[in-house]
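So the structure is just underneath, and the comments pick up after that.
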Amino acid sequence: MTIVSEFSYTLESIIQAGKKRMAIAHVPIATNPRTRESRLFDSAFSYVKRSAATIVRIYAMYEPLKIFTYLGLTVFGAGFALSMRNVYYYFNHEGFKHIQSLIAAAVVMLVGFQILVIGLLADVISGNRKLLEDLLYRMRSLELRDREADVPPPALSRTDQWKH
């Protein structure tokens with residue numbers, strides 16, 4: 001698992017393990033008495049705020065298409081509703097008075113569509129990240145197996161030596 005949050009790794013680890021369908025166990029521990037204020041967060045509100053940001057970030061990392069589809073459709077729907085208002089005024093022969101809101105509706109609908117396209121791109125990137133995580137896991141497993149079997153690492157070519 002790769003941890004990207006700089007705040008707290010616990011929420012991120014739990015969400016990642018759940019998305020990868022890994023089993024999670026808990027170990028009950030006793031805590032020491034409080035001797036000082038927390039250096040991790042100032043108040044319960046700041047903890048909740050930073051934790052919520054971490055949850056949203058991780059959820060968007062693992063479910064980008066769903067997040068961006070909901071967001072994009074909401075924005076697009078707002079623009080569509082605004083354009084329906086203009087259709088109403090058009091049929092009542094007052095459409096010429098509401099050109100600004102027609103332009104605003106078009107802009108909002110374009111932004112909603114762009115959010116949908118960004119969601120598709122984020123989904124492709126997410127799939128690539130999952131493949132890279134799997135590849136890294138397999139490489140490390142092979143390296144560990146070779147280390148345990150005392151197999152020397154492969155020799156580096158001239159170009160590989162130049163890079164190191």
> What length, rounded to one decimal in nm, is gained on full extension from residue 117 through to residue 40, with 0.36 nm per residue of separation minus their alpha-carbon distance?
Replying inline: 24.0 nm
> Once Lys and Arg get +1 and Asp and Glu get -1 on their Cβ, which of 41, 131, 51 lies farthest toward the positive end of the dipole of the chain?
Replying inline: 41
>> Per-residue counts of other Cβ atoms within 10 Å, averaged by peptide: what ranking do you get for 56-63, 122-129, highest first?
In response: 56-63, 122-129
> For the Cα atoms of the chain, what angle does the longest principal axis make with the long axis of helix 64-91, in degrees from 0 to 90, nearest 10?
Replying inline: 0
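Considering lysine pairs in the chain that are 8 or more places apart or on different chains, how many have Cα atoms under 19 Å apart? Numbers along the way, then the final one.
Numbers: 19/66; 19/130; 20/66; 20/130; 66/130.
Pairs that pass both the separation and distance tests number 5.
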> Rg(Cα) of the chain divided by 2.2 N^0.38 Å?
Replying inline: 1.68
> Roughly how many Å² is the accessible area per residue of the range 14-62, as a whole number, for a 1.4 Å probe?
Replying inline: 88
> In the range 21-83, what is the volume of the convex hull around the alpha carbon atoms, normalised per residue and reported in Å³?
Replying inline: 143
>> Run the simple label-point estimate for residue 104 and residue 56 please: 7 Å along Cα→C-beta, distance reported in nm.
In response: 2.4
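At 222 nm, what value in deg cm²/dmol follows for the chain if DSSP H runs of at least 4 each add -39500 (n - 2.57) and the sum is divided by all its residues, to the nearest 500?
Working: 5 runs with 114 residues, N = 164.
Taken over the chain, the calculation gives -24500 deg cm²/dmol.
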>> Can you tell me the length gained on complete extension of the stretch residue 145 to residue 129, counting 0.36 nm per residue apart and subtracting the Cα distance?
In response: 3.3 nm
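The values are calculated or read from the model by the stated rules, or taken from the named source; none is laboratory data. None of the values given here were measured: they were computed from a predicted structure. All Cβ positions, glycine included, derive from the backbone under ideal geometry; neighbour counts span all protein chains shown. To get the accessible areas, we keep the full protein, side chains included, count just its heavy atoms, and leave off ligands, DNA and RNA. Shrake-Rupley method; radii C 1.70, N 1.55, O 1.52, S 1.80 Å.
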